[in-house]
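J.: Here it is: the structure, laid out below.
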Amino acid sequence: MGNLNKKTVENLDVKGKKVLVRCDFNVKMENGVITSDKRIVAALPTIKYLIENGAKVILCSHLGRPKGEFNPEFSMKPVAECLAGYLGQEVKLAADVVGESAQALAAELKDGEVMLLENVRFEAGETKNCPELSKKFASLAELFVSDAFGTVHRAHASTAGVAAYLPSAVGFLIQKELEVMGGALENPVRPLVAVLGGAKVSDKIGVIENLIEKCDTIIIGGGMAYTFFKALGNEVGTSICENDKLDLARELMAKARAKGVNFLLPVDNVIGKEYKCDTPFMRIYSDSIPDGWMGLDIGKTTQELFAKSIQGAGTVIWNGPMGVSEWENFAAGTTAVAQAIADSGSISIIGGGDSAAAIKKLGFADKMTHISTGGGASLEFLEGKELPGIACISEK
Ligand code: AMP
């Protein structure tokens, strides 16, 4: 139950204290302009709570991939401006990460005021989780709050290292991820159904292995279904298929069988001639793909089969599209799964990335219980891995 019992920001006495908060402000930018500020919006509950409770708020984040040195292209300036608009108060931007400017601003900060450090990846020690840098972060503040779920799977100085030197807690954003995803894994409303898709089995082995232990049904779609097809002795034509993972696919299916887990694969497929959006395509009522064709989406009968399972679920966890959903001709399977989850009335948890994008594009976002803010982090969480930015926070 470790993850569900972590100290939260509400367990800290923040009044009059300098609180360093690691946020995920890694927003999408084009030519210096923020094109999606949803990560800033997601960070607001913790920031507002700290302001309202009289903390001196010191925010930090990475933005893009600067190479360990100052680069104005990756400055946090646009984030500071956007954040100031949402908070209706000034956000003071330090000219450096942990240098003289950051120290001076932090020392002058008054209760309820907010400052933002420059991009933490301007410091080479950040991604190396350098203890010297962690100590410098810690020297700016009296308390630390970990709230950057999108980077919580990385052991960096500002995500994990700093927690060794300050009393620490998770913020509201991470708390919600832990409650919903942790709750679904540890004590789910059953039946627990996992819908897994995407390109490759190799990216999701850990997730499948962990979920076999916990789920009642595992539904496999997308490109990774074809490795399972081949492992069962079927032809897969030119479909994406990992020949070095056939034994593993057989082991996973045997394990599911032994545990009494329903393991559903597509029974019909939409196949195309080439990996192109306008390639000729057709539906085949088979789990064998003819020579010279590739499976690019699940078929109509499979959509209905998967939807039936989803509709009977108490909890659904979805990660990965059912086909090449970027292309209209091969998006129907992913849309059908999204629709089934939206209609199911179950507790619905959407891992980040393509499935979250599909849900939002279809306008179903507000019908989901939870859309994770972290793609890689949510996958590692579903694998049952310990995430450094959460593991570093002590229990209540
Ligand atoms: P992932 O990042 O592993 O969730 O994979 C997402 C990608 O898988 C998307 O870009 C899809 O286009 C791709 N994908 C899904 N189904 C297939 C398929 N049948 N063949 C090739 N690529 C696929």
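The values are calculated or read from the model by the stated rules, or taken from the named source; none is laboratory data. For clarity, every value in this text was computed on a predicted model and none was experimentally measured. A quick note on method: Cβ atoms are made from the backbone with ideal geometry, for glycine too, and the neighbour counts reach across all protein chains shown.
J.: Of all the residues that make up region 291-334, how many are within 15 Å of the ligand (Cβ to nearest atom), out of contact with any strand residue (DSSP E or B) (no Cβ under 6 Å at 6 or more places or on another chain) and part of a loop (DSSP other than H, G, I, E, B)?
T.: Qualifying residue count, region 291-334: 5.
J.: Now, a different point. Within the set of pairs 6 or more residues apart or between chains, which connect a residue that is over 18 Å from F25 (Cβ atoms) and not assigned by TED's automatic domain parsing to the domain that holds V19 inside region 104-118 to a residue that is crowded, with 19+ Cβ neighbours inside 10 Å and not hydrophobic (A, V, I, L, M, F, W, C) with Cβ atoms less than 9 Å apart?
T.: From region 104-118, no pairs qualify.
J.: Take the conditions touching a strand residue (DSSP E or B) at 6+ places or on another chain (Cβ under 6 Å) and surrounded by fewer than 23 Cβ atoms within 10 Å (Cβ to Cβ) and apply them to V189. Does it pass?
T.: Here the answer is yes, as V189 does meet what is asked.
J.: In contact with a helix residue (DSSP H, G or I) (Cβ under 9 Å, 6 or more places away or on another chain) and not hydroxyl-bearing (S, T, Y), is that true of L265?
T.: Yes, satisfied.
J.: Could you list, ordered by first residue, the pairs with Cβ atoms under 6 Å in which the first is in region 275-295 and at pLDDT 95 or above and surrounded by 16 or more Cβ atoms within 10 Å (Cβ to Cβ) and the second is of a type in the set (S, T, Y) and assigned to a loop (DSSP other than H, G, I, E, B), at least 6 apart or interchain?
T.: I289/S239; M294/T238; M294/S239; G295/S239
Let's see how each residue does on (1) within 26 Å of K385 (Cβ to Cβ); (2) not hydroxyl-bearing (S, T, Y):
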position	(1), (2)
S101	no, no
S134	yes, no
F137	yes, yes
G150	yes, yes
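J.: Could you identify the single residue in W327, W318 that is on the phi < 0 side of the Ramachandran plot, of a type in the set (F, W, Y), touching a residue at least 12 places away in the same chain (Cβ under 8 Å) and in contact with a Ser or Thr (Cβ under 7 Å, 6 or more places away or on another chain)?
T.: Matching residue, one of W327, W318: W318.
J.: Would you check which residues across region 249-272 are small (G, A, S), farther than 14 Å from I220 by Cβ and assigned to a helix (DSSP H, G or I) and list them?
T.: A254, A258
J.: Right, another one. Return the pair list, or none, for Cβ contacts closer than 6 Å from residues in region 352-363 that are among the hydrophobic types (A, V, I, L, M, F, W, C) to residues that are within 10 Å of the ligand (Cβ to nearest atom), at least 6 apart or on different chains.
T.: Going by the 6 Å Cβ cut-off, the qualifying pairs are A358/S325; A358/T334.
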